[in-house]
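Structure record follows, encoded as structure tokens.
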Amino acid sequence: MNALFGKERADALRLKLETLSTPDRELMIVEELCNALNPTNDRYVLPFRFKDDLGTRTSHHLIFVSKHFLGYHIMKGVMASESSKQEQGVATFEYSPADRKYPLLFEMSRPLDDLKAMLLKDCSGKRLTFKQLYESHSVGKPYTDSNYKQVLKTLEDATIITADKPGKKRRKGTFADDVVITFPETRS
């Protein structure tokens, strides 16, 4: 434990684990391991849990770490396609159910409906390319580039956002990497 987490983090984790149920212990350990693998927030971390044949017990975890967004993007696609089910086209990552007590794991289990609200809030008043949006906003979330494009198309159809390709003609509803998206200013 000390080698994986560092002595200070491992000692703090041991104290937290004493009062938790077995399922919560597992989630807490995975959450803390993901945080330990990314101490300076300059890496991309994706957890994936494998269950036994009955789907009742965890057999092992695979935790992917990359220093580059492209590796993260590719692995997220692989993990999403291997997830046991999807909700509204978003991988549910049910191999790792979580709640708000575990922020990284919780973010990996949010439905597609939340993406629209998150984009409008997080990107309020911003103007950025699809590539900039996807690379900065998708980290730590289960959404793939096609999930973003689906939500952006809905927002564009409702004339909530605008999208254009400076100096080039663009077909409405398409979001290439260089398409510039403008989000409205929202008030909280």
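Brief remarks on what is shown
- Angle between the chain longest axis and helix 69-82 axis [Cα atoms, degrees, rounded to 10]: 70 degrees
- 1.4 Å probe accessible area per residue over the stretch 1-88, in Å²: 64 Å²
- Rounded, prolate or oblate (a/c below 1.5 giving rounded, otherwise prolate when a/b exceeds b/c) for the stretch 32-83 by Cα gyration tensor: oblate
- For the chain, the 222 nm mean residue ellipticity estimated from helices alone, with every DSSP H stretch of n ≥ 4 adding -39500 (n - 2.57) and the total spread over all residues, rounds to -12500 deg cm²/dmol.
- Taking Cα centre as origin and charging only the Cβ of basic (Lys, Arg, +1) and acidic (Asp, Glu, -1) residues, the dipole magnitude of the stretch 118-176 rounds to 300 debye.
- Computed lengthening from Asn2 to His61, 0.36 nm per intervening residue step minus Cα-Cα distance: 19.4 nm
- Rg over Rh, two decimals, the chain (C-alpha only, Kirkwood Rh): 1.03
- Tensor-based shape of the stretch 128-172 (alpha-carbon gyration tensor, a/c under 1.5 rounded, otherwise prolate or oblate): oblate
- The stretch 1-49 shape via C-alpha gyration tensor axes, a/c threshold 1.5: oblate
- Fraction of accessible area attributable to carbon and sulfur, the chain (%, probe 1.4 Å): 52 percent
- Cα-based helix-to-principal-axis angle, 7-17 vs the chain, degrees rounded to 10: 90 degrees
- Farthest toward the positive end of the dipole of the chain, out of Phe50, Leu33, Ser81, is the Cα of Ser81, where the dipole comes from beta carbon charges about the Cα centre.
The values are calculated or read from the model by the stated rules, or taken from the named source; none is laboratory data. Please read all numbers here as calculations on a predicted model, not as lab measurements. Positions of Cβ are backbone-derived with ideal geometry, glycine not excepted, and every protein chain shown enters the neighbour counts. Heads up: the accessible areas ignore ligands, DNA and RNA and are worked out on the full protein's heavy atoms, side chains in. Shrake-Rupley method; radii C 1.70, N 1.55, O 1.52, S 1.80 Å.
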